[in-house]
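Structure record follows, encoded as structure tokens.
The values are calculated or read from the model by the stated rules, or taken from the named source; none is laboratory data. Note that the coordinates shown come from a computational prediction; the quantities given were computed from them, not determined experimentally. Because the Cβ atoms are built from the backbone with ideal geometry, glycine has one as well, and the counts that use them run over all protein chains shown. For the accessible areas, the whole protein counts, side chains as well, though only heavy atoms, and no ligand, DNA or RNA atoms are used. Shrake-Rupley method; radii C 1.70, N 1.55, O 1.52, S 1.80 Å.
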Amino acid sequence: MRHHQRTEYVSEASSLKSETLTTLLQALADPALTPLKANDLSRAVLQCLREIMAADNLAILLLTEDHTALHIHTVLGLEESVAHEVHVPLGRGFAGRIAAQGLPLIVHDTSTLEILTPVLREHLHSLLGVPLIVHTQMIGVIHVGMKREYIFTDSDIALLQHVADYLAQAFERTLLIEAEQHEFEELIEAQLC
């Protein structure tokens, strides 16, 4: 009987976390909220994912302006202390390979892969990452990592891809609004001169 009650409790907790994640993803999909809150929402999404997946490190990396590398946009976990130093060229390292190929990547043992960030290379054992894609254009990568050996499943990939789809749309809207704002400011400045 006790085991049954514990299972119900775990299921309820998992269900609540999933509902919270769903609510956050819906907020990301709302154009009225996204432009102002994309950074806050992406951090909240990572926090929910950390709870659901029990991940030790989660990161969202976006393309640099020149489209040759990735930089960390939002991170929770081990990489937080080195986030400003992370610069991953396309095609290199874990995130760079995902960005270059545009496909999910699972690494069950990080010792078998070139990982550019020393913190990840030294402390994580298993990684899962998926690209952030908008209209067939790759704009970044989201990845999760585990300190322990972990076998990622198809449902883990599907969950992360689902989150990536919402995040990509939110970042696209934010970037468009920023570009429009910049053009508007240039127009006003040109008229004043």
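Values for this structure:
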read-out: Directionally averaged projected area (convex hull, Cα atoms, segment 26-166), nm²; value: 8.0
read-out: Inter-probe distance in nm under a simple model that places probes 7 Å from Cα toward Cβ, at ASP154 and THR112; value: 2.1
read-out: Sparse-neighbour loop sites [trypsin sites (Lys or Arg not before Pro); segment 53-159; at most 16 other C-beta within 10 Å; DSSP]; value: ARG92, LYS147, ARG148
read-out: Where segment 94-136 is the region considered: accessible area per residue in Å², 1.4 Å probe; value: 46
read-out: Fully extended contour minus Cα-Cα distance, from LYS147 to GLN47, at 0.36 nm per residue; value: 34.3 nm
read-out: Inter-probe distance in nm under a simple model that places probes 7 Å from Cα toward Cβ, at LEU103 and HIS135; value: 2.6
read-out: Local net charge near THR136, Cβ-Cβ under 15 Å (Lys/Arg +1, Asp/Glu -1); value: -2
read-out: Solvent-accessible area, 1.4 Å probe, carbon plus sulfur percent, for segment 40-98; value: 47
